[in-house]
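Notes follow the structure.
The values are calculated or read from the model by the stated rules, or taken from the named source; none is laboratory data. Since we're looking at a predicted model, the values are computed, not measured. Neighbour counts run over all protein chains shown; Cβ positions are idealised from the backbone, glycine included. To get the accessible areas, we keep the full protein, side chains included, count just its heavy atoms, and leave off ligands, DNA and RNA. Shrake-Rupley method; radii C 1.70, N 1.55, O 1.52, S 1.80 Å.
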Amino acid sequence: MKEKIQEKFRTLFGQDGELFASAGRINLIGEHTDYNGGYVFPGAIDKGIIAEIKLNGSDKVKAYSIDYDEYVEFGLGEEDKPSQGWASYIFGVCRETLKRGGKVEGFDTVFAGDVPLGAGLSSSAALESTFAYALNYLFANGIDKFELAKIGQSTEHNYCGVKCGIMDQFASIFGQQGKLIRLNCKTLEYKYFPFNPEGYKLVLIDSCVKHELASSAYNKRRASCENAAAAIRKNHPEVEFLSDAKRVWLDEVRDEIPEEDFLRAEYVIGEVQRVLDVCDALERGDYETVGEMMYQTHFGLSRLYEVSCEELDFLNKLARKCDVTGSRVMGGGFGGCTINLVKDELYDGFIAAAKEQFEARFGHALKVYDVVISDGARKL
Ligand code: GLA
């Protein structure tokens with residue numbers, strides 16, 4: 001990938017730039033908790049984005065995406081937003097850096113990635129983090145790492161229409177090889193946990209389906225949670241985010257909020273606790289409990305939060321049948337991957353059964369990615 005980028009950069013711009021990279025992410029547990037002020041437990045993976053960049057002394061960004069085989073030029077003013085989806089991420093990062101008082105001037109760039117698109121591995125956060133990190137480096141802006149993650153998140157909010165939490169960009173910026181990171185999304189305290197489950201493999205099964213309207217459904221989930229939190233807050237003013245609420249406090253407002261909002265909140269409150277339980281279990285080396293919590297999360301995401309789909313529920317059930325230790329839909333949902341914790345000796349049988357039965361049922365193949373926990377944003 002690197003060589004291809006360098007060759008294209010030379011052809012287009014006649015010189016060499018500097019190389020930067022960032023990564024997609026997995027999340028062991030803690031889904032849809034980030035924008036509720038709860039815990040998440042992600043890590044960066046060995047699939048990401050690489051970009052070559054060189055300042056060009058103009059006020060224009062000249063960008064070429066190898067994967068889309070498309071060249072775009074845009075200015076740095078608010079009115080200059082490019083129409084291409086991929087370019088609006090880079091544009092958003094420039095704008096959000098400028099809004100924070102950082103310096104950004106014209107640059108040339110060529111980039112490519114190997115994060116499967118639509119798989120829920122956050123290729124967009126990888127792209128944002130690569131450029132947030134690179135611009136900070138190249139213009140010596142001195143913006144701290146959390147703010148770099150927030151630059152990516154604000155790009156999603158203000159230029160891409162997704163009211164996402166901080167998890168993906170956080171993982172993509174802070175990721176370290178072999179470590180998962182538990183982040184408290186309210187206080188922003190975080191802790192690295194070495195993750196090397198001896199005797200087990202962590203594997204993603206990509207259903208290769210991506211449902212339309214995922215971002216509006218995502219924003220709707222967020223609104224439900226905020227509504228439930230607002231109702232609880234009337235009785236318990238200390239509730240800033242839904243994650244601050246006790247389960248019994250939610251019961252108190254059951255009749256005051258739509259049933260749908262109640263179910264969403266019920267899931268979130270349970271999920272926040274599950275992250276802590278999983279961290280404890282990990283420290284004891286108790287992978288059976290980790291796995292059981294993953295199944296509980298899947299149940300919640302499917303029945304209460306309603307972000308699963310037929311294909312993912314099928315894969316989850318199949319995992320149970322194959323005695324897989326833990327399995328659940330990962331990321332925002334509405335398609336994408338399940339994440340599975342499986343004993344070494346059961347791995348081959350599970351993958352073979354999943355491939356065969358999934359294709360027989362849905363008429364198309366799935367994809368399998370072994371998880372390798374890797375470094376996040378960096379200069380190469
Ligand atoms: C998407 C969002 C994240 C997070 C997850 C669900 O990946 O970008 O902020 O909310 O969904 O956990």
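Working out 0.36 nm times the residue gap between Lys60 and Lys191, then minus their Cα-Cα distance, what length gain in nm do you get to one decimal?
Length gained between Lys60 and Lys191: 43.2 nm.
Sorted by packing (mean other beta-carbon atoms within 10 Å per residue), highest first, where do 169-177, 115-123, 215-223 land?
169-177, 115-123, 215-223
Let me know the shape class of segment 191-299, please: from the alpha-carbon gyration tensor, a ≥ b ≥ c as square roots of the eigenvalues, rounded when a/c is under 1.5, otherwise prolate if a/b is greater than b/c, or oblate. Write down the numbers at each step before the final one.
Details: a/c = 2.68, a/b = 1.49, b/c = 1.79.
It is oblate, given that a/c is not under 1.5 and a/b is not larger than b/c.
Please report how many Lys pairs in segment 200-371 have alpha carbons closer than 17 angstrom, counting only residues at least 8 apart along the chain or sitting on separate chains.
Taking segment 200-371 as the scope, the lysine pair count is 9.
Just for the Cα atoms in segment 200-371, what are the lengths along the principal axes, largest first, rounded to whole Å?
Sorted from largest, the Cα extents of segment 200-371 read 52, 41, 22 Å.
Express the carbon and sulfur contribution to the solvent-accessible surface of the chain as a percent, rounded to the nearest whole number, probe 1.4 angstrom. If you can, show how the numbers build up before the last one.
Details: 7140 of 15510 Å².
In the chain, the share of accessible area belonging to carbon and sulfur is 46 percent.
Counting only residues 5 or more places away or on other chains, whose amide H sits under 5 Å from the amide H of Phe193 once H atoms are built in the peptide plane?
Excluding prolines and chain starts, which carry no amide H, the hits are Leu180, Ile181, Arg182.
Report, to one decimal in Å, the Kirkwood hydrodynamic radius for segment 2-195 based on all distinct Cα pairs. Working shown, then result.
Values: mean 1/r = 0.0600 Å⁻¹.
Averaging 1/r across every pair of different Cα atoms and inverting gives 16.7 Å.
With every protein chain present, what is the per residue accessible area of the chain (1.4 Å probe, Å²)?
That works out to 41 Å² for each residue.
For segment 269-356, what does the alpha-carbon gyration tensor say about shape, rounded, prolate or oblate, given a ≥ b ≥ c as the root eigenvalues, a/c under 1.5 as rounded, and a/b over b/c as prolate?
On the way: a/c = 2.44, a/b = 1.08, b/c = 2.26.
The shape class here is oblate.
Setting aside same-chain residues fewer than 8 positions from Lys8, which aspartates and glutamates have a Cα under 18 Å from its Cα?
The reachable aspartates and glutamates, counting only those whose Cα sits under 18 Å from Lys8, are Asp16, Glu18, Glu52, Asp67, Asp69, Glu70, Glu73, Asp108, Asp114.
Take the alpha-carbon centre of segment 208-250, take the same for segment 12-72, and report the distance between them in whole Å.
First find each Cα centre; the distance between them is then 29 Å.
What are the extents of the Cα atoms of the chain along their three principal axes, in Å, largest first?
Extents along the principal axes: 59, 52, 39 Å.
Residue by residue through segment 221-235, which ³J(HN,Hα) values in whole Hz follow from phi under the Karplus form 6.51 cos²θ - 1.76 cosθ + 1.60 (θ = phi - 60°), with glycine and proline marked x?
4, 4, 5, 4, 5, 5, 5, 4, 4, 5, 5, 5, 4, 4, 8
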